Each structure stands twice: as C-alpha cells, then as structure tokens.
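The values are calculated or read from the model by the stated rules, or taken from the named source; none is laboratory data. Treat the numbers as computed from the prediction; the structure is a model and nothing was measured. Virtual Cβ from ideal backbone geometry, glycine too; neighbours counted across all protein chains shown. In case anyone asks, the SASA skips ligands and DNA or RNA and just uses the protein heavy atoms, side chains included. Shrake-Rupley method; radii C 1.70, N 1.55, O 1.52, S 1.80 Å.
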Amino acid sequence: MEKKTRAKSEATRKTLVNAALTVIGRQGYAGATIEKIAEEAGVSKGVVYYYFKTKADIATNVLIDSFEKIVGEFEAIMDRGLHPHETMTQFVGTFARMIFQNQEASRFILSELWRDDRIWSEEMRQTEERLISMLESLVESSIACGIVRPEIDARFVSIATIGTVLTSAQYYLMQDDSETEGAFAQHCIDFIHHALKAE
C-alpha cells in the first residue's frame, strides 16, 4: 500500500512539474501563475501547494529535473567507454535531440542558464558545472588522442557547445519548422567536429 501511495505521489509531482514547464514555456516565468499551472495539470491549487510551497519552488524542480536528465544521459554515454570521437558525437547528438524535443524546457533553460538573481541559481550552477566538467574532460581526452587541435581551450569549448546547441535549437523551433530533429542533431555534430578537428 505504501509503495502504491509513493508511486501515486511521484506521478502527481511529475504531472505538476510537466504542467509548470508547459505554462512557463508558453508564458514565461513571470506570466506563469499557480492557478494556470493547476489548470494545466487538471488539479486544484491546493494540490499544487501540497507538493510545492511557491511558484519558484516548482520552477526550481523544472530546471533541476531538466538538467538532471541531460546529465544522466551524458553519464550513460561516458560509461560506454567509447573512443573520444564517438563519445563526442553521441554527446552532441543526444544533447541536440533532447533540446529539440523539449522546446519549453530548452527555452526556460536558456533564459535562466546564466541568471544570478533567482533562488534556484546556485543549485542550477552546480548541475550545470557537472555538465560542463564532463564535456571539458572529453575535449581534453580528444586533444590527448590527437583528434582535436592542442591549442583548443577545453572549458571554453564545453561552454560554447552548450550555448550553441541551445540557441540554435530556439531559432529552428521558432523560425524554421522544416528542420527535423535528426537533421538538427547532425548539423550540431558536424559543426562541433569541424570546429575542433585537428589538421
């Protein structure tokens, strides 16, 4: 019985987080309200407040959940022990697909990624740093293997890769609906490989 209750509670929390993501993605953080989130989730305001104290609390969960999914995918790729070139291909392709598939999440992440005046800023920084560190380590391995130019700054490349995928996805999602998820991922992979390739 307790297991069922926990599962139901977690399902409700996920529903609320997804509803918040939809509302925030559509109307921005400032335009999102508890009422609109409750309506999107099909529950009462009381249910929302049972799980989350404030709108900021929901937004924190939205951002951290989104980043954790990306970090989890990256960790799984790292665990495969592939050649750095293939690992980078999978990193960039997976990240591009995840961002392209989740327009609301990517828009919210992009708007909040480097902001300092939100209560979730510090927690987001820590998760973001995990992501950057994994990419940085991969670029350093690629330099050591001779597939990336030795003068490349690994940290800069890591930050620039995240920014490039996020901003490019927004353009295609909002301006060019002819672009497919697979084509977008391949464009990102080709761009990063070409930019880093050793002569």
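Computed values, structure above
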| read-out | value |
| --- | --- |
| Residues (among the small types (G, A, S) and more than 16 Å from the chain's Cα centre (by Cα)) located in region 163-199 | S178, G182, A183, A195, A198 |
| Test for T60: is it closer than 25 Å to T127 by Cα, in contact with a helix residue (DSSP H, G or I) (Cβ under 7 Å, 6 or more places away or on another chain) and at pLDDT 90 or above | no |
| Residue within region 111-121 that is modelled with pLDDT of 80 or more, open to solvent by 80 Å² or more (accessible area, probe 1.4 Å) and among the aliphatic types (A, V, I, L, M) present | no |
| Complete set of residues in region 128-141 that are in contact (Cβ under 8 Å) with a residue 40 or more places away in the chain, more than 12 Å from M88 (Cβ to Cβ) and either touching a Lys or Arg at 6+ places or on another chain (Cβ under 7 Å) or open to solvent by less than 40 Å² (accessible area, probe 1.4 Å) (or both) | E128, L131 |
| Verdict on A144 being open to solvent by 50 Å² or more (accessible area, probe 1.4 Å), of a type in the set (A, V, I, L, M) and either closer than 15 Å to F95 by Cα or modelled with pLDDT of 90 or more (or both) | yes |
| Per-region count, region 147-198, residues open to solvent by 80 Å² or more (accessible area, probe 1.4 Å), touching a Ser or Thr at 6+ places or on another chain (Cβ under 8 Å) and outside any helix (DSSP H, G or I) | 0 |
| Those residues of region 152-162 which are within 15 Å of the chain's Cα centre (by Cα) and in contact (Cβ under 8 Å) with a residue 24 or more places away in the chain, in sequence order | S158, I159, T161, I162 |
| Residue check for I132: aliphatic (A, V, I, L, M), modelled with pLDDT of 90 or more and assigned to a helix (DSSP H, G or I) | yes |
| Test result for E40, closer than 30 Å to L138 by Cβ, open to solvent by 60 Å² or more (accessible area, probe 1.4 Å) and touching a residue at least 12 places away in the same chain (Cβ under 8 Å) | no |
| Residues located in region 43-57, provided they are open to solvent by less than 80 Å² (accessible area, probe 1.4 Å), at pLDDT 90 or above and not hydrophobic (A, V, I, L, M, F, W, C) | S44, G46, Y51 |
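One line per residue, one yes/no per condition, for (1) open to solvent by 50 Å² or more (accessible area, probe 1.4 Å); (2) over 23 Å from A183 (Cα atoms); (3) among the acidic types (D, E):
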| residue | (1), (2), (3) |
| --- | --- |
| S66 | no, no, no |
| G72 | no, yes, no |
| E75 | yes, yes, yes |
| T87 | no, no, no |
| G93 | no, no, no |
| R97 | yes, no, no |
| N102 | yes, no, no |
| S106 | no, no, no |
